[in-house]
Amino acid sequence: MNKRNLCVLLAVILLLGLMPGTVVMAADGSTYTSEAPMQYDLVYGNYSYNIMFGGAHIIGCKKTVSGDVVLPSTLGGYPVTGIGYLAFDSCNKIKSVTIPNTVTSLAYGTFYRCAALESATIPSSVTAISYDTFAYCKSLKNVNIPDTINEIGYEAFYRCSSLKDIYIPEGVETIEMHTFYHCTNLETITIPSTLEYVDYYAFYGCNKLKDIFYTGTEEQWRSVMVTETNESFSSANVHFVGGRNGWTSINGKWYFFEDGIRVKNKWCKDSKGWCYLSETGAMATNTWVKDSKGWCYVGANGYCVTNTWKKDSTGWVYLDKEGSMVKNKWIQSGGKWYYLNDQGYMATNEWRKDSKGWCWLGSDGAMVTNKWVKDSKGWCYIGADGYCWTNCWAKDSVGWVYLDKEGSMVYSKWIQDNKKWYYIGTNGYMLCNTTYRGYRFDAYGVCLNP
């Protein structure tokens, strides 16, 4: 074949390779279909993005985006396959982020300086955490790192000062320079058996790091090269947990393992009851824990407190047989009735109405019985059943009063009862043995000349 024909053939191949629908191999060996030409700086909703390699790549986000954020799986009709360079830089109102499983790559500094970010979920479609991905995320506490991750880049968690625990999956061979630099609250870390090298300053300033959970053997651990300036890592306690299952006590704390991995951020039930495994995997004790049902309290033994009262800084709550706070419900305790409001707290010093009528909850939260109660409208009487007397007479040490349909004392008003007339004075009491504006009343309060 002569040079002219060869050039024509190569031009045709190149043209066909750029036609929509052609399967193209990227530099990293992955393939994509060139469904459309590349497009840049597109905007939809809160996100700006590019179309490239057959997918959408998020390149920016509005700074007003806040709270718990679930990133879109499609943009412009294309799957979101990547998140670009500094895409969420300084998005300081985002509290948590969930990345869809269409994403395969995270570029440099994806969530750089997201000061309020507390939690991030990375899908199993991602294989690498790029450098500076979470750098300066000072509120970051929890990162769900999938087992597909085999590379964690330089400064990936630089100065994540709220991070207490981290899991590094099997396959990662190197912890790069400055990866966990000044993660000042980092206490525990899971290290894979595949680790070979810990680079300079990878754990510099991690002065609270005390426990390393290593999934390999002691012999493998001895072969891991740890460079200088990682004193806290070198001096931490190493626990060889490869293949371990069930409960294990370490340094006075209980952990639950599944195939050598600590179970974290999860409720666990055994014969003693429900317990909570914290963000480090340690069984929580003497603390409040919130889940989808509300707040629960775990005691000194690590198990949920049940069927009892518990007080916090706001007030009293009642924990049911599952340990959850009771809400919008009456509870009988010690022969008295109490009401838990929609926030789960005992109602006190307030009226409460149900199908039976009005009742008053005293300063101790208990339903009042057989007692006079004064409110902004005047005096009411609570009977033995705990409910206001209504449309009836009541007597106290001063005299007779009449309670209306709401249970309140009547003032300056005529009352007809059993075909007889009575008058309630300005002080709320029945007139007896007296004359008022020409009307005479006998000893029983009956008007003699109505």
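The values are calculated or read from the model by the stated rules, or taken from the named source; none is laboratory data. Everything numeric here is computed off the predicted structure, so don't read it as measured data. With ideal geometry, Cβ positions are generated from the backbone for all residues, glycine too; neighbour counts draw on all protein chains shown. When the accessible area is computed, the model is the full protein with side chains, heavy atoms only, and any ligands, DNA or RNA have been set aside. Shrake-Rupley method; radii C 1.70, N 1.55, O 1.52, S 1.80 Å.
Any of 63/266; 329/353; 266/290; 63/293; 208/290; 266/311 with alpha carbons more than 21 Å apart? Name them for me. Working shown, then result.
On the way: 63/266 32 Å; 329/353 12 Å; 266/290 11 Å; 63/293 31 Å; 208/290 26 Å; 266/311 24 Å.
63/266; 63/293; 208/290; 266/311, as the Cα separations exceed 21 Å there.
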Compare 211, 442, 259, 342 by solvent-accessible area with a 1.4 Å probe and give them largest first, with all protein chains kept in place. 259, 342, 442, 211
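Send over the Kirkwood Rh of segment 339-393, from the inverse of the averaged 1/r over different Cα pairs, rounded to one decimal Å. Each step should come with its number before you reach the end.
Numbers: mean 1/r = 0.0866 Å⁻¹.
Taking every pair of different Cα atoms in segment 339-393, averaging 1/r and inverting gives 11.5 Å.
Over the chain, what is the relative contact order in whole percent, taking alpha-carbon pairs under 8 Å and six or more residues apart? Present the calculation step by step, with values, prior to reporting the outcome.
Values: 1128 pairs, mean separation 20.2, N = 450.
Taking the mean separation of contacting Cα pairs over the length of the chain, I get 4 percent.
How long is the gain from residue 313 to residue 225 if the chain were fully straight, where each residue apart is worth 0.36 nm and the alpha carbon distance is subtracted? Could you put the intermediate results ahead of the total?
Working: separation 88, 0.36 × 88 = 31.68 nm, distance 4.90 nm.
Working it through step by step, the gained length comes to 26.8 nm.
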Note: residue 436 to residue 350 extended length (0.36 nm per residue) minus current alpha-carbon separation gives 27.2 nm
Label-point gap, in nm, between residue 238 and residue 44 - each point 7 angstrom along Cα→Cβ: 4.9 nm
Within the chain, helix-based [θ] at 222 nm, where runs of 4 or more DSSP H residues each add -39,500 (n - 2.57), nearest 500: -1500 deg cm²/dmol
Against the 2.2 N^0.38 Å scaling, with N counting residues, where does segment 198-350 land? I'd like the Cα-based Rg ratio to two decimal places. 1.43
Alpha-carbon spread of segment 138-263, three principal axes, descending order, Å: 34, 31, 29
Can you give the Rg and Dmax of segment 307-448 based on its C-alpha atoms, in angstrom? 19.9, 68
Taking only protein heavy atoms into account and a 1.4 Å probe, give the accessible area per residue of the chain in Å². 53 Å²
Here the convex hull volume per residue of segment 121-187, taken over Cα atoms and given in Å³, is 68 Å³
For the chain, give the percent of accessible area contributed by carbon and sulfur heavy atoms, probe 1.4 Å, rounded to a whole number. 50 percent
Ordered by residue, what ³J(HN,Hα) values in Hz, to whole numbers, does segment 128-136 give under the Karplus form 6.51 cos²θ - 1.76 cosθ + 1.60, where θ = phi - 60° and Gly and Pro are x? 8, 9, 6, 5, 6, 3, 10, 4, 6
Distance between the C-alpha centers of segment 167-206 and segment 39-111? Whole Å please. 27 Å
Going Cα to Cα from residue 210, which aspartates and glutamates come in below 17 Å? Please leave out same-chain ones fewer than 8 positions away. 165, 187, 231, 279
For segment 194-303, which GluC sites (Glu not before Pro) are both in a DSSP coil and crowded by at most 15 other Cβ atoms within 10 Å? 196, 228
Rounded if a/c under 1.5, otherwise prolate or oblate - segment 202-265, Cα gyration tensor axes: oblate
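If we sort 171-179, 354-362 on the protection proxy, mean other Cβ atoms within 10 Å, highest first, what's the order? List each step's numbers first, then the result.
Values: 171-179: 19.4, 354-362: 15.8.
Listed from highest to lowest mean packing, they are 171-179, 354-362.
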Rounded to a whole number of µm²/s, how large is the Stokes-Einstein D of the chain at 20 °C and 1.002 mPa s, given Rh as the Kirkwood radius over C-alpha pairs? 76 µm²/s
In degrees from 0 to 90, rounded to the nearest 10, what is the angle of the helix 3-17 Cα long axis to the longest principal axis of the chain? 10 degrees
